[in-house]
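Have a look at the structure below, then the notes.
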């Protein structure tokens with residue numbers, strides 16, 4: 001099965017072509033160049049590099065979020081357009097699971113805690129129980145103050161004896177902005193991966209659990225309102241209340 005995989009959830013951009021279990025080619029950049037400028041030319045150049053045509057694809061994979069609003073829209077729109085045009089399946093997975101996949105197979109169970117900076121000392125974060133190459137989500141992906149999230153993790157671990165002693169693996173493209181918070185809460189218990197481990201590699205996505213989604217109805221998981229939407233809600237509380245249910249609940 002030949003697939004194109006795309007991740008545009010963060011400042012980094014990653015695109016890969018995969019044939020079955022083999023990564024044929026992958027390009028990952030981590031610059032401030034807009035994804036809208038890079039993505040389509042990059043996909044085109046990768047097809048030419050391996051002598052593929054878009055019609056050779058059997059499926060498209062894209063991370064669903066949370067992450068950058070603009071980045072997610074660009075990646076998801078490109079993936080949906082290709083899948084719809086070529087009449088091939090569209091597959092997705094949570095951005096934080098894609099990030100957690102950077103922790104390689106361990107000798108025993110471990111806890112993987114991936115997160116992405118959401119500004120103002122908040123983050124999108126979750127916890128996975130990792131056994132081999134499988135990930136079991138222990139938390140619903142949340143948005144809020146990162147220190148509050150760490151408190152919740154500590155309380156959860158205290159209530160679950162079966163998780164005591166498991167390694168705590170923190171990774172994020174924004175790890176340095178939150179390193180002091182992690183160390184203050186967990187000290188030497190925390191294994192803090194370097195920032196390069198927080199880059200999602202599209203070539204790995206095909207090896208992680210995927211779900212097929214409807215091309216016409218699929219939308220990204222933003223997990224929170226954009227700043228512009230939050231400002232609109234604050235300025236138009238009555239209209240926002242009337243439209244309740246169409247907006248993501250603010251969690252901080």
Starting from the Cα of residue 151, move 7 Å in the Cα-to-Cβ direction to define the label point; list residues of region 110-140 whose amide nitrogen is under 15 Å from there.
122-123
Per-pair calculated FRET efficiency, R0 = 30 Å: residue 131 and residue 19 via Cβ, rounded to 0.05:
0.60
Could you work out the pair-distance distribution P(r) of region 103-198 from its alpha-carbon pairs, with 5 angstrom bin width and percents rounded to whole numbers?
3, 13, 26, 29, 20, 8, 1, 0
In Å, the Kirkwood hydrodynamic radius of region 1-64 over pairs of distinct alpha carbons?
12.0
Show me, bin by bin at 5 Å from 0, the whole-percent P(r) of region 31-92 based on Cα pairs.
4, 17, 24, 27, 19, 8, 2
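So what is the calculated 222 nm ellipticity per residue for the chain, using -39500 (n - 2.57) for each DSSP H run with n of 4 or more, over all residues, to the nearest 500 deg cm²/dmol?
-10000 deg cm²/dmol
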Tell me, 160, 143, 204, 35 in order of fewest to most beta-carbon neighbours within 10 Å?
160, 204, 143, 35
Based solely on C-alpha atoms, express the radius of gyration and the Dmax of region 3-142 in angstrom.
15.7, 45
Round to a whole angstrom and tell me the spacing of the C-alpha centers of region 50-71 and region 110-171.
27
Please report Rg over Rh for region 56-135, where both radii come from the alpha carbon positions and Rh follows the Kirkwood definition.
1.06
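Readers should treat all values here as calculations from the given coordinates under stated rules, not as data from a laboratory. Remember, predicted model here, so these are calculated numbers, not experimental data. Neighbour counts are summed over all protein chains in view; Cβ atoms, including those assigned to glycine, are modelled from backbone coordinates with ideal geometry.
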